1. Do we find that residue B:97 is touching a strand residue (DSSP E or B) at 6+ places or on another chain (Cβ under 8 Å), more than 14 Å from chain A (Cβ to nearest Cβ), at pLDDT below 70 and surrounded by 14 or more Cβ atoms within 10 Å (Cβ to Cβ) in this structure?
2. Among the numbered conditions (1) surrounded by fewer than 16 Cβ atoms within 10 Å (Cβ to Cβ); (2) touching a residue at least 24 places away in the same chain (Cβ under 8 Å), tell me where residue A:560 comes up short.
3. Which residue is surrounded by the fewest Cβ atoms within 10 Å (Cβ to Cβ), if the candidates are limited to the range A:141-161 and must be within 17 Å of residue A:381 (Cα to Cα) and in contact with a strand residue (DSSP E or B) (Cβ under 9 Å, 6 or more places away or on another chain)?
4. Name the helices (runs of 4 or more DSSP H) wholly inside the range B:19-124 in which the number of residues that are in contact (Cβ under 8 Å) with a residue 12 or more places away in the chain is 3 or more.
5. Could you say which residue among A:20, A:50 is in the same structural domain as residue A:172 (by TED's automatic domain parsing), surrounded by fewer than 17 Cβ atoms within 10 Å (Cβ to Cβ) and over 19 Å from residue A:99 (Cβ atoms)?
6. Name the one entry in A:14, A:18 that is in contact (Cβ under 8 Å) with a residue 40 or more places away in the chain and in contact with a strand residue (DSSP E or B) (Cβ under 6 Å, 6 or more places away or on another chain).
7. Would you confirm whether any residue within the range A:369-387 is in contact with a helix residue (DSSP H, G or I) (Cβ under 7 Å, 6 or more places away or on another chain) and more than 23 Å from residue A:163 (Cα to Cα)?
8. For the range A:179-204, give me the residue count where each residue is away from chain B (no Cβ under 13 Å) and either more than 30 Å from residue A:505 (Cβ to Cβ) or surrounded by fewer than 19 Cβ atoms within 10 Å (Cβ to Cβ) (or both).
């Protein structure tokens, strides 16, 4: 069928073999691609109750139908696994050029299972799959070096999805890297690559993606670009990128500062958008993206892409760091070692907090650069204080008797938005299907950036978390789920109607807005079933984020508290609106209505 | 010329031009057979564009032992933005070099002399293929249309300029 290659490449690392299987098109019709198709494959491929670290626990690479075409931003790859951090589903998205290359090589998805006896690299050139020993040349290389080595030794146009030293050491928040700065960051896919002794998957494709009448498709994509993509609403990402959020969040009392002890950062001007614009050198785009949000910077000899807002918040403000050079260096270290910056910053901030409170002296203090800059390397090697920090925030805080200082949800460290400044985020974090995450729903868009919803109430928010606030731009869980089947980037504010127009090219039929939303709701419910099957913790967030006594005493959000009863009531309202019972289990009626084709 | 040129400074490396080029000429998205390409180092963001300079270069034409590379007059109508608009208006007349597939023997002489590496053997047709400016509606320019980073532009040489009048 047009847009799909119809092939799944199944790799068994234990035996060093691979086989090509047909893509399940019945599933593709229901779940499209990306997140949806990934979750359907995970339901089948993850043995129920499996230990995430076990050889039979898969890592799945899934593309979307529009990767490798002129559909702007739809080049993203989603990587899925049962997360070793959370024990539930983890879908982690990455831009760059890996997914289109996979399509050109002929595959919609790659399912990786088993455990290699020796470190290995899997190289794929069209239909030729090889298992190349990673020792002694490649194992141990940082992320930029392994990519360069693959371009030199395998193919000049090779696209590499790799782990750095952190993944090799099975650090639970090790990420996957591609095109150097692009990370499937969250949930520990890099740790599983490390356990499977898989240094990298490298792909080169010279084939084609067919779209039916290519000239007609090109003409329609030209229309969609000029009318919908290249608009003022989307160009903020090109002109400033995510650093623009820093000052806005600080002014609103939303930026986590000094391990979430306040929401306004007194050194923000050192790391806000104006500061980054001064050191900006270049602007780059992911494959097939007309927006181009990736900002390159150079400061004190540190040159490269980023940091993005979440890193600015969690590795900057949250560690008390207002020094742009130090923050850029920390970001670069994490990139090279293959560490997720959110979890890295969060655990360093926790260690600083434990030190300053006199609970345990790690020699790390808020705002002090020296120890801060050494941390990523030590964590990735589990050396010195890194051995303890590698536990992650939950286990580290528990070890020293202060679990309340760990800012995570379901053992995934929280990103850069404090719900005490934007109440909607509390429900978003609690109900996120992969734990602490800002990418499922984004109340910030309307509560803070747009100002079209009040930030200091949960009244009516359960509905918004589910369905979003499409007229104003806030994305809800159902819509993000369908958007990530595409797989469109967050930075194109695509509408359900526009998604329908693009789906039509693939499926040769009309898609109403209602159906587009319903696909998203179907995907979200499938994810919920997966999490219930694998055993998910109760939906909750750190209590101080909603309890009266947890309110900030300083900063722009001082004195505001959601209230425990209000939070719990909103969660129940959310379940009810979703057609789930009081424990968050989807009803048979809801699953039947949505056409979900699996049951607990 | 006219020919397209990729600005190394402005290009963001999105490869939209290669995709559109392949879709236009191959009837499917196969950028490994695009008529132009942008070479990007993901780590350093150093970018080098590779495009055909048409009659401004003509090395392929000079090297061809079978006179299979023809000079053809075309009128280029560019969609979207392009810097030459103010000078030339919405259309530009000029010459491009095209492959006469009946005369081409796939001998490979032109592949070796091309300074930008944009004339190759077609993977299925066994003849040379190259940029023909999409017969006057270049899709690479149409899809390099972010008004803030417009990186592909149309250039003309003396020969073409005489035609404008």
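The values are calculated or read from the model by the stated rules, or taken from the named source; none is laboratory data. On a predicted model such as this, the values are computed, not experimentally measured, just so you know. Because the Cβ atoms are built from the backbone with ideal geometry, glycine has one as well, and the counts that use them run over all protein chains shown.
1. Details: touching a strand residue (DSSP E or B) at 6+ places or on another chain (Cβ under 8 Å): yes; more than 14 Å from chain A (Cβ to nearest Cβ): yes; at pLDDT below 70: no; surrounded by 14 or more Cβ atoms within 10 Å (Cβ to Cβ): yes.
Taking the combined requirement at face value, the residue does not satisfy it.
2. All conditions pass for residue A:560, except number (1).
3. Step one: of the range A:141-161, the residues within 17 Å of residue A:381 (Cα to Cα) are A:141-143.
Now restrict to residues that are in contact with a strand residue (DSSP E or B) (Cβ under 9 Å, 6 or more places away or on another chain): A:141, A:143.
On the way: A:141: 22, A:143: 32.
Top of the filtered list is A:141.
4. On the way: elements: B:59-63, B:85-88, B:109-113.
In the range B:19-124, B:59-63, B:109-113 are the helices (runs of 4 or more DSSP H) which contain 3 or more residues that are in contact (Cβ under 8 Å) with a residue 12 or more places away in the chain.
5. On the way: A:20 fails: over 19 Å from residue A:99 (Cβ atoms).
It is A:50.
6. Values: A:14 fails: in contact with a strand residue (DSSP E or B) (Cβ under 6 Å, 6 or more places away or on another chain).
One residue alone meets the criteria, A:18.
7. Yes, the conditions are met somewhere in the range A:369-387.
8. Number of matching residues: 17.
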